[in-house]
Amino acid sequence: MVTAYLAQIGRSTFNRYLSALEYRDFRKMWLANLAAQAAAWALIVARGWLVFEQTGSSAWVGIVTFAAMGPLFFIPPFAGVLADRVNRQTILQWTYIVNLLHNLALALLALSGFLEIWHIVALSLVNGVARAVQMPTSQALAANLVPPAKLLNALSLNAATQHASRLIGPGLATPLLVVLGAPAAFFLCTGFYAIGLVQIMGIKTRSVGGVKKGDSFIRNFVDGLQYVGGQPLIRMITIMVIFHCGLTMAFETLLPGFATHQLKAGVTGFGTLMMAVGAGAFVGSILIGGIESSLTRGRLYLFMGVFSGLGQVMLAFMPTMGAAIAAAAIMGGTQAAFMTLGQTVTQSLAADEFRGRVASINTFSLGGVMSLMGLANGFLAGEFGAVPILLTQGLLFVGVMLFSVALATPRSVYLKGISAEASPSAARAT
């Protein structure tokens, strides 16, 4: 009796939160994303701490982070059109190969003792270009690997891998940094990308969008912008993502200095805080994936947005490592839930022929704004310290969310909910 009851609970939980994993190609895609994102966050910890250790400067951490994320300003438009024209699985294979070689080069240079700051900046730029292509392509491909009824669950799981990897990547990289140094952490990242590449190569589904090969890149990209501009809910979420990423998610360049000066915890504290953010983010993403009520989704969008800002404010005030871990977990959980819900809805509502371009605009909003604010935060932290920056930006985003209640589309979302039904194939934007 007890066994049957537990089995029923297990089946119900799987059907609600994990059912997209039943599909072979999506499962391979999900595992590849998990490996790639774990490598990305392990790299952020290893590279950020190495730069801070070599230079003692948050500004240099900001410069390196900007080099890695700066391509998200100009690559996504090309990547989005490419992902709607070429087989998305083929594109992903090449991005994994480039990032594998990038991490291997970092590891060998660090091991040889020849790694200099300009090497790190240049290689970070290569890493950034590959990831700027990988991210929108992954979003667009995931939507084609499961039946329409499983789309929301698939996209939620796909987004959750990004946040779960904040726990896995730093959790494995931090001990290696402490015991063996940066080369070991870079080899770990190389291994992650090798695992991901094997999974991507096993995907059989052919996934191509609706770009016409005779049209110019500019024409096709403008079509994508016009499509997003003509969809009120997608447009609203895109704007909210810009504010959210700029004010609450550009904190990575602040954490090395925060862990060192505020918590007196050094690299261990930095890695632990990143793990706490990742643990909270994983839980937040998974829980959002199981929300079925459109009304609940709409209200949670407001609630999670407000608390993602407040979580950052809490972190700024935490005087001890234990308290900071709790605040970082809250911050990670609410930020991830907010982002996962937004990404899931935009990809669910987008017509398939525009999915690559919608994903590229979302990627630009996510990474491009984060890279610019990360660079600014590195310099501001060097002048004022990390605490005032965390506090000010967190409060600003709380203000943005509260102000949005006065606007028609956000208010309708909060009061009536978010529909997650995929739209019919759209006519060509004009």
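The values are calculated or read from the model by the stated rules, or taken from the named source; none is laboratory data. Only a predicted model underlies this, so the values are computations on that prediction, with no experimental measurement involved. Positions of Cβ are backbone-derived with ideal geometry, glycine not excepted, and every protein chain shown enters the neighbour counts.
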Selection within the stretch 82-114 - buried (at least 17 other Cβ atoms within 10 Å of the Cβ), in contact (Cβ under 8 Å) with a residue 24 or more places away in the chain and over 25 Å from Asn33 (Cα atoms)
Ala110
Count - residues of the stretch 391-417 that are modelled with pLDDT of 90 or more and in a helix (DSSP H, G or I):
14
Give me the pairs: first residue in the stretch 179-193 and touching a residue at least 24 places away in the same chain (Cβ under 8 Å), second residue of a type in the set (Ser, Thr, Tyr) and part of a helix (DSSP H, G or I), beta-carbon distance under 8 Å, and six or more apart or on different chains, which are they?
Tyr193/Tyr96
Taking the stretch 166-177 and keeping residues at pLDDT 75 or above and touching a helix residue (DSSP H, G or I) at 6+ places or on another chain (Cβ under 7 Å) leaves Ile168, Gly169, Pro170, Gly171, Leu172, Ala173, Thr174, Leu176, Leu177
Can you tell me which residue is surrounded by the most Cβ atoms within 10 Å (Cβ to Cβ) among those in the stretch 116-128 that are over 20 Å from Leu197 (Cα atoms) and without any contact (Cβ under 8 Å) to a residue 60 or more places away in the chain?
Leu125
List the number of the failed condition for Trp94; all other conditions in (1) modelled with pLDDT of 75 or more; (2) within 27 Å of Asn377 (Cβ to Cβ) hold.
(2)
